[in-house]
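What follows is a single structure, written as structure tokens, with notes after it.
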2 protein chains.
Amino acid sequence: MTKKLAKSAISQKRILDAAARIFRDYGYAGTTMRAIADEADLKPGSIYYHYKSKDDLISAVLDIGIRAVTDSVGKALRALPDTATGRDRIEAAIRAHLSAIIEVGDYTLATRRALGQVPEAIRARNTRMRDTYGSIWQEILSDAHQRGEFRTTANLKLARLFILGALNWTVEWFKPGGRSIDDVAREFAAIVLDGLSGRVEPVGLAEELPPPAKPKRASARVRAA
Amino acid sequence: MTKKLAKSAISQKRILDAAARIFRDYGYAGTTMRAIADEADLKPGSIYYHYKSKDDLISAVLDIGIRAVTDSVGKALRALPDTATGRDRIEAAIRAHLSAIIEVGDYTLATRRALGQVPEAIRARNTRMRDTYGSIWQEILSDAHQRGEFRTTANLKLARLFILGALNWTVEWFKPGGRSIDDVAREFAAIVLDGLSGRVEPVGLAEELPPPAKPKRASARVRAA
DNA sequence: TCCAAAACCTAACACTAGTTAGAAAATGGG
DNA sequence: CCCATTTTCTAACTAGTGTTAGGTTTTGGA
């Protein structure tokens with residue numbers, strides 16, 4: 001019984017992975033059931049035993065992408081100690097977001113390529129999931145703001161859009177084997193928090209001019225991670 | 001003679017605009033010559049009098065998008081006085097970039113949707129144009145860095161990718177009639193330069209106020225999300 | 001008004017798409 | 001080994017694709 005189901009599950013996964021790769025390369029309309037079947041080492045008709053339509057497939061691919069990010073960030077935030085500052089949370093969220101979209105890169109890239117062409121009903125569902133994720137960031141930022149860690153003029157809504165835009169774009173240029181995700185996350189967090197001209201020293205040394213602000217320090221554990 | 005050519009030019013523009021809208025909504029493969037013809041109030045066959053293939057059309061659309069941004073930013077930079085600081089140049093470039101991608105929104109959105117599915121030769125050409133644009137930003141940033149306006153640890157390559165990612169993403173959420181482009185540009189520049197926690201006042205003087213933050217304990221709200 | 005050039009349309013061809021019904025093969029407990 | 005169940009394949013249908021050849025209409029200077 002369990003074995004029988006396993007066989008089917010394996011095929012499903014193989015088809016799903018293949019679909020993500022093809023959708024990523026050719027978009028929604030550009031993707032052929034025949035191409036997916038080819039990539040998954042199957043005949044086109046066989047896909048329909050596991051997924052009842054092309055829409056069913058793209059829908060599954062889209063969900064995996066956004067869910068991976070949401071879960072990754074949620075887990076990273078929960079793993080932080082209660083003493084974590086807003087800065088700590090932002091850094092952790094950035095790192096988790098980047099890790100996730102790189103990890104399931106085929107799925108997130110497929111989403112970026114295909115989401116705009118997908119039938120309305122499917123897109124609507126996925127957009128709701130993305131909005132939910134956005135609200136997590138809204139809370140992270142407004143929490144840090146309320147702690148007094150941001151300048152008073154900061155526009156949180158715009159900041160969120162700015163940050164998520166930059167993060168989502170990363171899949172376009174990030175190549176495994178080059179810079180590490182941690183490095184990228186650290187630098188992104190530095191820009192977001194201190195800017196390019198920031199007086200707050202990003203990593204280590206802390207001399208020059210009197211400490212501009214208290215909450216600049218971050219738990220070394222997080223940074224090292 | 002001039003009138004005759006004008007008629008053709010008008011039709012070309014109408015077809016081009018229609019193509020941009022359809023490509024934006026359905027991507028490259030999802031776009032039908034019949035759909036473009038419909039949008040442009042023409043019969044499908046007539047398009048071929050002006051453009052010799054679907055590839056010819058998408059190619060024109062892609063070029064317009066990136067060229068509008070390059071020209072807009074180039075012009076804005078040249079319009080600055082010699083006394084302009086690195087900060088001035090960055091702000092101006094951000095504003096010009098945003099203005100351009102909003103102005104020709106259909107074309108830039110079409111690019112984002114279709115570029116990944118387009119035939120290799122066409123994409124390669126467009127990618128070269130985009131790299132050229134990227135090098136403009138590289139110069140802006142390295143110029144500001146050499147003037148000593150950035151912290152020494154700033155990673156310019158990552159910063160450029162971060163900034164361009166955030167800017168390019170703007171077309172996804174920016175809706176005319178809401179926030180003004182100037183407001184968005186100002187806030188984006190503030191984040192890039194001073195960060196969210198930046199103590200430096202947007203205008204210029206570096207005057208650090210007393211520590212505004214006494215970490216008041218993590219709000220459980222965030223973690224609960 | 002006339003008429004060549006420009007602009008557009010009609011109708012079709014060759015091809016590929018998603019999907020399906022039914023046959024064939026693989027699987028695994030008895 | 002047997003056979004019911006699960007899984008895969010074969011072969012096809014319908015609909016829609018980019019593109020084109022050739023005819024029709026529109027245009028604007030003489």
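Taking every residue in A:84-92 and counting other chain Cβ atoms within 10 Å of its Cβ, the average works out to 3.
Using per-residue counts of other Cβ atoms within 10 Å, averaged over each peptide, order A:146-157, B:158-169, A:104-115 from highest down. Please report the intermediate quantities before stating the final value.
Numbers: A:146-157: 17.8, B:158-169: 22.2, A:104-115: 23.8.
By packing density, highest mean first, the sequence is A:104-115, B:158-169, A:146-157.
Is the shape of the stretch B:1-72 rounded, prolate or oblate, going by the alpha carbon gyration tensor and its root eigenvalues a ≥ b ≥ c, with a/c under 1.5 for rounded and a/b larger than b/c for prolate? Here the stretch B:1-72 falls in the oblate category. Modelled this way, with points 7 Å down the Cα-to-C-beta line, the labels at A:Ala121 and B:Asp55 are 3.7 nm from one another.
Only protein atoms count toward the accessible area here, which uses a 1.4 Å probe; on the stretch B:1-120, the carbon and sulfur part of that area reaches 52 percent. Buried between A and B is an accessible area of approximately 5900 Å², summed over both sides with a 1.4 Å probe.
For a test of the definition: using alpha carbon positions, the gyration tensor, and the 1.5 limit on a/c, classify the stretch B:121-174 as rounded, prolate or oblate. Oblate is the answer for the stretch B:121-174, as a/c is 1.5 or above yet b/c matches or exceeds a/b. Candidates B:Ile94, B:Leu62, B:Leu141 compared by Cα position along the dipole of the stretch B:55-198: farthest toward the positive end lies B:Leu141, with charges placed on Cβ. Plainly put, the tip 7 Å out from Cα toward Cβ on A:Ser135 is 4.7 nm from that tip on each other copy, the closest given first. Listed by chain and number, the aspartates and glutamates placed with their C-alpha closer than 17 angstrom to that of B:Lys175 are A:Asp131, B:Asp25, B:Glu103, B:Asp106, B:Asp183, B:Glu187; residues fewer than eight positions away on the same chain are left out.
On a C-alpha basis, how far is the centre of the stretch A:109-123 from the centre of the stretch A:43-87 in Å? Whole number, if you could? The stretch A:109-123 and the stretch A:43-87 have Cα centres spaced 14 Å from each other. Quick one: grab the alpha carbon gyration tensor of the stretch B:55-198, order the square roots of its eigenvalues as a ≥ b ≥ c, and give me rounded if a/c is under 1.5, else prolate or oblate depending on whether a/b is larger than b/c. Prolate, since a/c reaches 1.5 and a/b exceeds b/c.
Using the Cα centre of the stretch B:55-198 as the reference point, and only Cβ charges (+1 on K/R, -1 on D/E), how large is the resulting charge dipole? Debye, rounded to the nearest 20. Present the calculation step by step, with values, prior to reporting the outcome.
Details: 19 positive and 19 negative charges, 46 e Å.
For this selection, approximately 220 debye.
Exceedance of the 25 Å cut-off in Cα-Cα distance is limited, within the set A:Lys54/B:Lys43; B:Lys13/B:Lys52; B:Lys75/B:Lys157; A:Lys13/A:Lys54; A:Lys75/B:Lys157, to A:Lys54/B:Lys43; A:Lys75/B:Lys157. Each label was represented as a point 7 Å from its Cα along the Cα-to-Cβ direction; for B:Arg128 and B:Leu156 these points are 2.5 nm apart.
The values are calculated or read from the model by the stated rules, or taken from the named source; none is laboratory data. On a predicted model such as this, the values are computed, not experimentally measured, just so you know. Positions of Cβ are backbone-derived with ideal geometry, glycine not excepted, and every protein chain shown enters the neighbour counts. When the accessible area is computed, the model is the full protein with side chains, heavy atoms only, and any ligands, DNA or RNA have been set aside. Shrake-Rupley method; radii C 1.70, N 1.55, O 1.52, S 1.80 Å.
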